[in-house]
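Let me begin by presenting the structure, written as structure tokens, before commenting on it.
The values are calculated or read from the model by the stated rules, or taken from the named source; none is laboratory data. Treat the numbers as computed from the prediction; the structure is a model and nothing was measured. When we count neighbours, we look across all protein chains shown, and the Cβ atoms used for this are built from the backbone with ideal geometry, even at glycine. Remember, those area values only see protein heavy atoms, side chains included, never the ligands or the DNA or RNA. Shrake-Rupley method; radii C 1.70, N 1.55, O 1.52, S 1.80 Å.
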Amino acid sequence: MFRMAVGHSDDIDLDVAIQAVLGECDAALGGVTPRAGLLYAAWDADHQAIVDAIADHYPGIELAGATAAGEMSSVIGMAEDSVALAVFASDTVEITAGLGRNLREDPVAAARQAVDDALSRASSSPRLCIALPMVGGYESGEVFSGLREALGPNVPVLGGGSAPEDPAASLGITQSRQVVAREITENSIAILLFSGALDFSFGVETGWRGVGPRGVVTKASGAGVLEIDDRPAIEFYERYVGLGQPPLGNPLAVYEDPASTVFYLRTPTSSDPATGLVGFFGPVPQGVTVQITTAGTEQIFEGTRASVSTALAAYPAGRTPEAALIYSCATRRFLLGTRAGHEVELVRDVLGAGVPVAGFYCLGEIAPNIADVDATQFHNATLVSVLLGAA
């Protein structure tokens, strides 16, 4: 048995919201006791009051969570300044939370600490890791290496970066919050580890498509890309989008294999006409092939459908998923504006009304290359779909 129950409320009275969330979870659980939960809440909520209420209501629950730039669920759709909780009950899957501290100072050690914490209360082999780290001020590849070393092979890492108070203003080190058990932290990584007899699948899509010729990053630094095809990187953008700061709506596609059509996105965050540098939300390695991308509203929604459809097609044959988790980028929410809530509606259209959904708008998405589950990547402007059920 595997069941996910979801509660979600945007009531302005936090006590009323918490009671509504817990009541909705209880009703969907149908009398069974949850093992674990995922909490997504607005930055300015009283997180300690929320987690204390959850822990008191569900003693012993393994809880992980993060601050969000918008919360999504099958209960009320997409809302800002809300509280969303997904709780999991199962008699075949172990689900344990882990916390790694001092992420900025030592991302590898923090990742290992989180996994060791979660594994210390699991007796079965890990199958899937949901990661909710603080983003910024460290190299994302290092935390993924730490997770991979601690988890071992063939355990996909998926999730999203916890969101700060103002995602639009976050160009470097961010102050977001992570939750494990009753502890509210910053500069940390929270994980929820699924071990044992779990079926799962995932999809990763954007909706963006490349335009114009590709180029090769010939000079890069920790601050961003300095040269593409031996010319200032800002010229690569100016040829297609004009002078000034490269727009959020035209992220850079990064092809690690120049012969491939598979890419991940990097959203431009800054530029310097004097040096030609373009800064991005995430690393762009020297030597990779790049291309400017574009997407309209309908193309972004097509990416939403494609992400969930890919996950559904990859789910074990003959089985039906019991739950869905979605991680969408704050950039997508910003560009979609008042239509952002349509993303979770599309997820429900693809999966059907019987599959509960929970997720949030995050600061960068985490997912493997679909061809290699051990090749965890940090994404921008992407929607990651995760389907879960009992094996």
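Contact map, the stretch 364-391: first residue closer than 22 Å to residue 67 by Cα, second residue small (Gly, Ala, Ser) and open to solvent by 10 Å² or more (accessible area, probe 1.4 Å), Cβ cut-off under 7 Å, separation 6 or more or different chains; pairs are 364/282; 378/140; 378/282; 380/282. For the stretch 323-334, the tally of residues that are of a type in the set (A, V, I, L, M, F, W, C), closer than 21 Å to residue 369 by Cβ and either out of contact with any helix residue (DSSP H, G or I) (no Cβ under 7 Å at 6 or more places or on another chain) or free of Cβ contacts under 8 Å to residues at least 60 places away in the same chain (or both) stands at 2.
Only one entry in 265, 248, 226 is among the hydrophobic types (A, V, I, L, M, F, W, C) and either on the phi > 0 side of the Ramachandran plot or part of a loop (DSSP other than H, G, I, E, B) (or both), namely 248. In the set (1) assigned to a loop (DSSP other than H, G, I, E, B); (2) under 22 Å from residue 83 (Cα atoms), residue 331 fails one condition alone, (1). Checking residue 102 against (1) out of contact with any Lys or Arg (no Cβ under 9 Å at 6 or more places or on another chain); (2) without any contact (Cβ under 8 Å) to a residue 12 or more places away in the chain, which test does it fail? Result: residue 102 passes all but (2). Within the stretch 25-50, the set of residues being closer than 22 Å to residue 390 by Cα and surrounded by fewer than 22 Cβ atoms within 10 Å (Cβ to Cβ) comprises 26, 27, 28, 29, 30, 31, 32, 33, 35.
Just for the stretch 141-150: of the residues that are in contact with a helix residue (DSSP H, G or I) (Cβ under 8 Å, 6 or more places away or on another chain) and open to solvent by 10 Å² or more (accessible area, probe 1.4 Å), which one is nearest to residue 365 (Cα to Cα)? Break it down into steps so the answer makes sense when it comes.
The first filter runs over the stretch 141-150 and keeps only residues in contact with a helix residue (DSSP H, G or I) (Cβ under 8 Å, 6 or more places away or on another chain), leaving 142-147, 149-150.
Imposing the further condition that a residue be open to solvent by 10 Å² or more (accessible area, probe 1.4 Å) reduces the set to 142, 144-145, 149-150.
Details: 142: 16, 144: 12, 145: 16, 149: 20, 150: 21 Å.
Checked the stretch 141-150; the qualifying residue nearest to residue 365 (Cα to Cα) is 144.
Restricting attention to the stretch 166-177, does a residue exist that is of a type in the set (Gly, Ala, Ser), surrounded by 15 or more Cβ atoms within 10 Å (Cβ to Cβ) and modelled with pLDDT of 95 or more? Looking for residues that are of a type in the set (Gly, Ala, Ser), surrounded by 15 or more Cβ atoms within 10 Å (Cβ to Cβ) and modelled with pLDDT of 95 or more, one finds none in the stretch 166-177, hence no.
Scanning the stretch 112-140 for residues that are modelled with pLDDT of 95 or more, open to solvent by 20 Å² or more (accessible area, probe 1.4 Å) and not polar (S, T, N, Q) returns 112, 116, 117, 119, 121, 122, 126, 127.
Residue by residue, here is whether (1) under 14 Å from residue 379 (Cα atoms); (2) among the hydroxyl-bearing types (Ser, Thr, Tyr); (3) in contact (Cβ under 8 Å) with a residue 24 or more places away in the chain; (4) not in a helix (DSSP H, G or I) holds:
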| position | (1), (2), (3), (4) |
| --- | --- |
| 271 | no, yes, yes, yes |
| 284 | yes, no, yes, yes |
| 287 | no, no, yes, yes |
| 293 | no, yes, yes, yes |
| 300 | no, no, yes, no |
| 305 | no, no, yes, no |
| 309 | no, yes, yes, no |
| 321 | no, no, yes, yes |
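Can you tell me which of (1) in a strand (DSSP E or B); (2) surrounded by fewer than 22 Cβ atoms within 10 Å (Cβ to Cβ) is the one residue 353 doesn't meet? That leaves (1) as the condition not met.
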